[in-house]
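Input: a single structure, listed below in structure tokens.
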Amino acid sequence: MQAMILMVCLWGSCAVDFSTSGLMDRAGNIKFQDFLQFYISGRLIAQERTVELYDQRIAWTELHNIVRQPTRVILPTVYGPQVGLFFRPLVGLSFFPAAGIWVGISVVLYLGCVLWLWKSCANLRPYAAIVALATGAFPPLFHFFVRGQISVLLLVCFTLCFLAFRSAKNLLAGMALGLLVFKPQFLVAIPLVLLLAKAWKPLLGLLISATTQIGLTWLYFGTSIMRSYFDMLLHVSRWIGVAELAQAQAQMHSLRSFWLLLAPWHSVAFLLYALSSIFVLALAAASWRSHGALALRFSSLIFAAVLINPHLFVYDLLVLAPALLLTVDWAHGHADHPLCATIKVLAYLSFLLPLLGPLTVWTHFQLSVPVFVALQIALWISLRDAKPGYEGWAIETA
């Protein structure tokens, strides 16, 4: 019933908001707004104007040529040129149909990933209806949909990684993780976790995949474009104020945003972010080195990638879908475990609390992040005392 109410509220509000004609919704926002940056990049590539990809004045001009209405929206190009190339086939259409096609494809991919993961969750098989309702009511799905984001590609990478680990194909699993380099902030924590855990095969696969993607992009676009891209990454201060406006922190759910909201001084917030990230990193590495179930170890890896991510908005929490499914499946299969009830409650809160992000405009306390950390700790405790031969140990750690 809770999932049904949540789904009706989320998608009912979406239907009402999007029921206007034209590009602008009832709130005065551009429909599928974030897709503009991918569409513009693809169009510049199609028009052989790749030299203009990271010229923010060109991006602003192109945006206004598409919208043709007064708007305060500014979307800096912060993705690698390979992302624009990926969307080049859609730029033959006008913006709104192209965005609609992409969102439709994304929803299919999301449902496919959840289905593949659910099939590997033996203890959730009897709960198909509840899983389906929760899939539709997942708050990050709503945000990802209305903004026309590309978070589903992250979810696909993590899903492929889990399926590879489950089949004991650790090199391939690492290669799936390396594909995340198109959104490099997701690779801040993962390589360090694998390195500290001495998981050499996944780490090697990650490095091969990431360097291959960057190398092929470099060959296709040339040095000048890649230099512009890396210059943008290295000089975050030039665009971060545009990408993260005053109230944007309310829709961010990582340790960095948590401390920036809470601490009045940026230097103090950065120190606390660094210290707490080291703590989470140590927990994730210890969890991966344990003899416990792959479901919990992989979930710990995902939560570490989310928490340590320096630039994560609510729509990117779509990647928590595998972690929540696998964690709840494990809890249902270990009802006698002393932390079973605690893990279920924390998983429930991890699902729901991102909805309350806007409250932090007034409270300056992001409720979701402490819950993510608490679940990370609970996963580590559950894995800490596992012995060889325990469920999941068939998947070799290294």
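Kindly list, by first and then second residue, each pair from a residue in the range 42-70 that is without any contact (Cβ under 8 Å) to a residue 24 or more places away in the chain to a residue that is assigned to a loop (DSSP other than H, G, I, E, B) and of a type outside the set (Asp, Glu), limited to pairs with Cβ atoms under 8 Å and residues at least 6 apart or on different chains.
Between residues of the range 42-70 that are without any contact (Cβ under 8 Å) to a residue 24 or more places away in the chain and residues that are assigned to a loop (DSSP other than H, G, I, E, B) and of a type outside the set (Asp, Glu), the close pairs are ILE58/ARG49; ALA59/LEU75; ALA59/PRO76; ALA59/THR77; TRP60/ILE74; HIS64/THR71.
What about LEU275, is it modelled with pLDDT of 95 or more, buried (at least 24 other Cβ atoms within 10 Å of the Cβ) and not charged (D, E, K, R)?
So LEU275 fails the test.
Restricting the search to the range 12-42, which residues are buried (at least 18 other Cβ atoms within 10 Å of the Cβ) and closer than 30 Å to ALA132 by Cβ? Show your work before the answer.
From the range 12-42, those buried (at least 18 other Cβ atoms within 10 Å of the Cβ) are 23, 25, 30-42; that's our starting set.
Selection gives ASP25, LYS31, PHE32, GLN33, ASP34, PHE35, PHE38.
Quick check on the range 245-272: of everything there that is crowded, with 17+ Cβ neighbours inside 10 Å and not in a helix (DSSP H, G or I), which residue is modelled with the lowest pLDDT?
MET252
Could you tell me whether any residue of the range 278-291 is free of Cβ contacts under 8 Å to residues at least 12 places away in the same chain and over 15 Å from PHE372 (Cβ atoms)?
Within the range 278-291 (the criterion being free of Cβ contacts under 8 Å to residues at least 12 places away in the same chain and over 15 Å from PHE372 (Cβ atoms)), the answer is yes, since at least one residue qualifies.
Between ILE45, ILE105, which is of a type outside the set (Gly, Ala, Ser), surrounded by fewer than 15 Cβ atoms within 10 Å (Cβ to Cβ) and within 26 Å of the chain's Cα centre (by Cα)?
Unique residue meeting the criteria: ILE105.
For the range 185-202, name all the residues that are under 26 Å from VAL236 (Cβ atoms) and not small (Gly, Ala, Ser).
GLN185, PHE186, LEU187, VAL188, ILE190, PRO191, LEU192, VAL193, LEU194, LEU195, LEU196
Just to confirm my filter: which helices (runs of 4 or more DSSP H) fall fully inside the range 326-398 and include at least 2 residues that are at pLDDT 90 or above and under 19 Å from the mean Cα position of the chain (by Cα)?
Fully inside the range 326-398 and qualifying: 340-352, 368-384.
Give me the residue from the range 229-239 that is in contact with a Pro (Cβ under 9 Å, 6 or more places away or on another chain) and in a helix (DSSP H, G or I) and, out of that set, modelled with the lowest pLDDT.
Step by step, filter the range 229-239, then rank; the result is ARG238.
Taking the options ALA295, ALA321, ALA285, name whichever one is modelled with pLDDT of 95 or more and under 14 Å from the mean Cα position of the chain (by Cα).
Working: ALA295 fails: under 14 Å from the mean Cα position of the chain (by Cα); ALA285 fails: under 14 Å from the mean Cα position of the chain (by Cα).
Of the residues listed, the single one that is modelled with pLDDT of 95 or more and under 14 Å from the mean Cα position of the chain (by Cα) is ALA321.
Is the range 1-11 home to any residue that is more than 24 Å from the chain's Cα centre (by Cα), in a loop (DSSP other than H, G, I, E, B), surrounded by fewer than 18 Cβ atoms within 10 Å (Cβ to Cβ) and not small (Gly, Ala, Ser)?
yes
Tell me, please, whether a residue that is in a helix (DSSP H, G or I), under 20 Å from PHE138 (Cβ atoms) and without any contact (Cβ under 8 Å) to a residue 40 or more places away in the chain can be found in the range 295-307.
So far as the range 295-307 goes, no, none of its residues is in a helix (DSSP H, G or I), under 20 Å from PHE138 (Cβ atoms) and without any contact (Cβ under 8 Å) to a residue 40 or more places away in the chain.
Working only within the range 169-202, note down all residues that are β-branched (Val, Ile, Thr) and in a helix (DSSP H, G or I). Lay out the reasoning, then the answer.
We begin by selecting, within the range 169-202, every residue β-branched (Val, Ile, Thr); these are 181, 188, 190, 193.
VAL181, ILE190, VAL193 - these are the residues of the range 169-202 that are β-branched (Val, Ile, Thr) and in a helix (DSSP H, G or I).
Would you tally the residues in the range 319-345 being surrounded by fewer than 23 Cβ atoms within 10 Å (Cβ to Cβ) and over 18 Å from ALA128 (Cα atoms)?
10
Given the residues GLY205, GLY215, which is the only one that is among the small types (Gly, Ala, Ser), closer than 13 Å to CYS161 by Cβ and not in a loop (DSSP other than H, G, I, E, B)?
So the residue among GLY205, GLY215 that is among the small types (Gly, Ala, Ser), closer than 13 Å to CYS161 by Cβ and not in a loop (DSSP other than H, G, I, E, B) is GLY205.
The values are calculated or read from the model by the stated rules, or taken from the named source; none is laboratory data. For clarity, every value in this text was computed on a predicted model and none was experimentally measured. Positions of Cβ are generated from backbone atoms using ideal geometry, with glycine treated the same way; all protein chains shown enter the neighbour counts.
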